[in-house]
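Quick notes on the structure that follows.
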Amino acid sequence: MMVPSSSLKISLLFGVVLVNASNLRNNYDRKLADPRSVERKIETVNYLPSNAEQYVLDNHGPSTSGCDIYTKPESKIRNEVMAHIGELQTYYDDISARKEFAPDVRTLFDIDYSNKEDVCHTYSDPSSKSNDLSTEYFTTSKEISHSSTQGFMEPLLPPFRHPAFCIHEMFSYRMDFLVEDFGHICRQTLTRESKTAFIDIGATYNFVDDKIDHGSPVIQVIEKYRKFGIHFDDIYAYEIQEWDVERVYKTIPDHMRQPMHWINTGVSTEPGHMFNPWTTVLENYKPEDFVVVKLDIDTPSVELQLVQQLLDDPRLHELVDVFYFEHHVQMDEMEKFWIMDGSMSLSLTYFRALRNVGIASHYWV
């Protein structure tokens, strides 16, 4: 995915995000519409970035290196971010220890929720010792960000994927850098009546054959949620490439087949259109539900309009809990993998703006 060189400028003033956003239009010959911007206020939640995340946002500038903070001896945050890599391994050791799917925690809550803490700790916390990810896993680096609405999450840092990619390319498509606070989701979001949904925009589960690819990033993430007691009632899968429906269902696990809504067409950016995924969210879900969205269609003119719509619509801030998005930006280390456009600094402002309105934004791979 490519980012236009200037479509969103964000400044933080006294806890309020001021966004100057150029309205993106459906014009495939240009990445941006007329450069007329409007200033608006976005109501913020209590979002506390890690020290390294804030440092990078404040100081990154025009650099096109995604790895300088890890590899350059003069990096002021090198010790912290290198320690974070080791802590991620410890965290994922506990994540990986969950071999079986947990029961759907919603079905275990008593009517009066008197057992909710026990249920969430037993099934949704990765550690049996604590429900605080910061003190359990990230005490040395302290590199963990926190949202009052979504709990703990990994810091927003280049290279926008597993940081060990800066040490070896074998980590380029690894998913084990993401931190989702399943315990917080269980305690603060889910109720007995909550609906759950995964909106997959750009849904191809197997590029090779008819077998289930458990290495598929989407399947990995959906199964990770399931291991911590969060089962999706609905999976809306949008994919413009035509696929045989029988093959689609052969390439997904059993637990994804019943909730799957296969939508074999391109998405629309027209507000209210039946194939605009935000229409699906707005028409089917309420704030008490849990909604995850993944966007990766490698078409910037469409992707960036959808991101802007998500930022612009306060109704969606109340409905979308988690947002995964792969941003193909100008980055030296990714040159041979991506068609690149736009800056890393701009990308960081997008993702920070989403976190500031209460959406747990994560970089996709």
(Q) Just to check your reading of the model, which residue among Lys72, Lys76 is of a type in the set (Lys, Arg) and in contact with a Lys or Arg (Cβ under 9 Å, 6 or more places away or on another chain)? (A) Lys72
Q | Residues located in segment 129-153, provided they are within 24 Å of Arg226 (Cβ to Cβ) and touching a helix residue (DSSP H, G or I) at 6+ places or on another chain (Cβ under 8 Å) | A | Lys129, Ser130, Asn131, Leu133, Tyr137, Ile144, Ser147, Thr149, Gln150, Gly151, Phe152, Met153
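Here is a yes/no grid of residues against (1) part of a helix (DSSP H, G or I); (2) surrounded by 13 or more Cβ atoms within 10 Å (Cβ to Cβ); (3) charged (D, E, K, R):
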{"residue": "Val221", "(1), (2), (3)": "yes, yes, no"}
{"residue": "His231", "(1), (2), (3)": "no, yes, no"}
{"residue": "Glu246", "(1), (2), (3)": "yes, no, yes"}
{"residue": "Met256", "(1), (2), (3)": "yes, yes, no"}
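Say whether the condition of being among the small types (Gly, Ala, Ser), crowded, with 22+ Cβ neighbours inside 10 Å and in contact (Cβ under 8 Å) with a residue 40 or more places away in the chain is met by at least one residue in segment 295-314. Walk me through how you get there before you give the answer.
Let us first name the residues in segment 295-314 that are among the small types (Gly, Ala, Ser), namely 301.
Right, trim to crowded, with 22+ Cβ neighbours inside 10 Å and you get none.
Within segment 295-314, not a single residue is among the small types (Gly, Ala, Ser), crowded, with 22+ Cβ neighbours inside 10 Å and in contact (Cβ under 8 Å) with a residue 40 or more places away in the chain.
Could you list, in sequence order, all residues of segment 116-163 that are in contact with a Gly (Cβ under 6 Å, 6 or more places away or on another chain), open to solvent by less than 30 Å² (accessible area, probe 1.4 Å) and either part of a loop (DSSP other than H, G, I, E, B) or farther than 16 Å from Glu180 by Cα (or both)? Can you show your working first?
Let us first name the residues in segment 116-163 that are in contact with a Gly (Cβ under 6 Å, 6 or more places away or on another chain), namely 120, 123-125, 131, 149, 158-159.
Next cut, open to solvent by less than 30 Å² (accessible area, probe 1.4 Å) only: 120, 124-125, 158-159.
Residues satisfying the conditions are Ser124, Asp125, Pro158, Pro159.
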Q: Quick one: count up the residues across segment 258-278 that are polar (S, T, N, Q), under 27 Å from Gly358 (Cα atoms) and open to solvent by 10 Å² or more (accessible area, probe 1.4 Å).
A: 2
Q) Of all residues in segment 279-294 being within 21 Å of the chain's Cα centre (by Cα) and charged (D, E, K, R), which is surrounded by the fewest Cβ atoms within 10 Å (Cβ to Cβ)? A) Lys286
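Being out of contact with any Cys (no Cβ under 9 Å at 6 or more places or on another chain), of a type in the set (A, V, I, L, M, F, W, C) and without any contact (Cβ under 8 Å) to a residue 24 or more places away in the chain narrows it down to one of Phe171, Phe152, Phe138, Phe160, so name that one.
On the way: Phe152 fails: without any contact (Cβ under 8 Å) to a residue 24 or more places away in the chain; Phe138 fails: without any contact (Cβ under 8 Å) to a residue 24 or more places away in the chain; Phe160 fails: without any contact (Cβ under 8 Å) to a residue 24 or more places away in the chain.
Only one candidate passes the filter, namely Phe171.
The values are calculated or read from the model by the stated rules, or taken from the named source; none is laboratory data. Please read these numbers as outputs of a predicted model, since none were measured by experiment. With ideal geometry, Cβ positions are generated from the backbone for all residues, glycine too; neighbour counts draw on all protein chains shown. Calculation scope for accessible area: heavy atoms of the full protein, side chains included, ligands and nucleic acids excluded. Shrake-Rupley method; radii C 1.70, N 1.55, O 1.52, S 1.80 Å.
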